[in-house]
Amino acid sequence: MANRLTTAQSSLAMRRWRPAGLVTIAAMAALAALTTGAAAAKQARQAAEAVAPRTAGEPIMAIVSIKGQQVTFYDADGWILRAPVSTGTTGRETPAGVFAVIEKDKDHHSTMYDDAWMPNMQRITWNGIALHGGPLPGYAASHGCVRMPFGFAEDLFDKTNIGMRVIISPNDAAPVDFSHPALFVPKKDAIAAAPARADALSREADEAVRAADETKKAAATTAREAASLPATLRNLERLKKSADAELAYADKVLTAAKTDQARTKAEELKQKAATKAADAATQLDTAKANAQPKRDAAAAAKDAAKAAATRKAEATKAATEAKLALEPVSVYISRATQKLYVRRNTHKPAPDGGGEVFDTSIEVPVTIRNPDRPIGTHIFTAMAKSDTGLRWTVVTIDNVNEAKDALDRVTIPQDVLDRIAPTAMPRSSIIISDEPLSSETNYRTEFVAVLSNQPQGGFITRRPTAPEVVASQDGWDDNGFGFFFQRNPNPQPQPGYARRRGSGQYWQPQQGWW
């Protein structure tokens, strides 16, 4: 009876729910098919690894397409390597912008994510964004880094160098050939003379350092001698006063003598006192006579030491600039700050460990026509030498304005051009952007700039790890590249610098490197 009741109830339920149930089952099946199809399509759209069918040169830049989930590396002649990637997921988005490799670690383990393994890591910001090997699900899934296939990252690791440009674009982007009168045109004679000039200035700097050290020691010696003069004079004056007192006493004794024997004894005493007083007076007069020349010598030695220190600073600065002239130069022009910044890698290890020191000695105002109108973000790169100087390309990742128009609107100061253009070489670059430099930019980075109109979840949630550092007063050490001291150990993270398109209005970061 119970079985028959159960069967009847089941039959009734089936009759009652058959149409809806069939629709539900069909919908679930369709949804499953769509999901499977979407996943398959997502996997199908994933870029495949590829190697150019030619001998590759040194990678000059890498372009990551967030939309295409792909990275492409370029040498002087075009693309050489291509692979799928996985960028930051929603809320942890990989920031779009301009970066460079600033540190490499073959076997890196994260200090932020439970010691997570990030093999063949190539860092592009000190607050945690990097290229590294990792799992690729076929879509954005990282915490902000750019994951590459494990094998691809391993093969790539030894091919890249510190300072290689990394461009992260919200859409697909590629370098295109470009020419413009404002781009650097090096001079063959300047380039040919640069190595010998660097060697000569380095020798001059070494000599200036030696001379400065010697004059500094001499000044210290004469300063010590001059510093002791007051005490010496006071002591001699005290001795003379004492000797004069003894002479006066002997004279009184002689005057009071009543007998020949007493008079003879008093005369002997006076003679000794007179000799002693005379000697004390002579010593005091001599010391006084010598004091002023010693003071003059100390002053002269101090002036000589200052002059030698100035020559040392000038010579080491000239030697440094000559050495830097042998390196590619990077220029960043910001519409937000109306400034031009220059970076060159010194290849000196950072004093606090990790990465290398970048020279930051040039920062000047720049003239931008129609400064309230957006200019976009354009990266101009010298790819190779050409008959006329350099062959340039441009990558545009925020094209509110055409690259040519952007260059037309900028006037680079002539003195800056005179310093950097004659010896510009392949891998040099000019970046023009609406954006300011990120607060992540410091002495251990090249340029770091992010597009404020793109998500930055994987960037602004992290705190910078590098201290803010500035050059010392003279800015140079004996090796010619400068030494640094910490000014602010806790720079603020990028605060999501916001921009309203077309308005030209900016919200400045709370605190930036500049």
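Given the C-alpha atoms of the range 90-208, compute the convex hull and give its volume per residue in Å³. Numbers along the way, then the final one.
Working: hull volume 24.6 nm³, N = 119.
Cα-based convex hull of the range 90-208, divided per residue, equals 207 Å³.
What does the charge count around residue 307 come to, taking other residues whose C-beta lies under 12 Å from its C-beta (Lys +1, Arg +1, Asp -1, Glu -1)? Numbers along the way, then the final one.
Details: positive: 216, 302, 306, 311, 312; negative: 303, 314.
Net of charged neighbours comes to +3.
With a 10 Å radius around each residue's Cβ, average the other Cβ atoms per peptide and rank 392-402, 226-236, highest first.
Details: 392-402: 20.3, 226-236: 13.6.
Going from most to least packed, we get 392-402, 226-236.
Note down the accessible area of residue 437, probe 1.4 Å, to the nearest 10 Å².
Estimated to the nearest 10 Å², residue 437 gives 10 Å².
Protein chains only, probe 1.4 Å: how do 412, 129 rank by accessible area, largest first? Working shown, then result.
Values: 412 25, 129 0 Å².
The most accessible residue leads, giving 412, 129.
Let me know the Rg and Dmax you get for the range 330-455 when you use only its Cα atoms, in Å.
Reported Rg and Dmax, both Å: 14.8, 43.
Amide H to amide H under 5 Å from residue 357: which residues, 5+ apart in sequence or cross-chain, H placed 1.01 Å off N in plane?
346, 347, 348, 350
Loop only per DSSP, at most 13 neighbouring Cβ atoms within 10 Å: give me the trypsin sites (Lys or Arg not before Pro) in the range 363-431, ordered by residue number. Walk me through the numbers on the way to the answer.
On the way: sites: 369, 385, 391, 404, 409, 419, 427; in loops: 369, 409, 427.
Within the range 363-431, the qualifying trypsin sites (Lys or Arg not before Pro) (loop, at most 13 other Cβ atoms within 10 Å) are 369.
Multiply the residue separation of residue 90 and residue 196 by 0.36 nm, subtract the distance between their alpha-carbon atoms, and state the gained length in nm to one decimal.
32.8 nm
Which length gain, in nm to one decimal place, applies between residue 154 and residue 402 when the Cα-Cα distance is subtracted from 0.36 nm times their residue separation?
85.6 nm
Set Lys and Arg Cβ to +1 and Asp and Glu Cβ to -1, take the dipole of the range 124-220 about its Cα centre, and tell me which of 173, 149, 137 lies farthest positive.
The residue sitting farthest along the positive end of the dipole is 173.
With a 1.4 Å probe and every protein chain kept in, tell me what percent of the accessible surface of the range 292-341 is carbon plus sulfur. Spell out each step's value before the answer.
Numbers: 1180 of 2140 Å².
Carbon-and-sulfur percentage of accessible area, whole number: 55.
Run the simple label-point estimate for residue 227 and residue 258 please: 7 Å along Cα→C-beta, distance reported in nm.
Each label point lies 7 Å from its Cα, and together they span 5.9 nm.
Return the sequence-ordered ³J(HN,Hα) values of the range 128-137 in whole Hz as given by the Karplus equation 6.51 cos²θ - 1.76 cosθ + 1.60 applied to θ = phi - 60°, using x for Gly and Pro.
Running phi through 6.51 cos²θ - 1.76 cosθ + 1.60 with θ = phi - 60° gives x, 8, 7, 9, 6, x, x, x, 10, x Hz.
The values are calculated or read from the model by the stated rules, or taken from the named source; none is laboratory data. These numbers come from a predicted model, not from an experiment. Glycine also receives a Cβ, built like all others from the backbone with ideal geometry; neighbour counts cover every protein chain displayed. These accessible areas exclude ligands, DNA and RNA; they are computed on the full protein's heavy atoms, side chains included. Shrake-Rupley method; radii C 1.70, N 1.55, O 1.52, S 1.80 Å.
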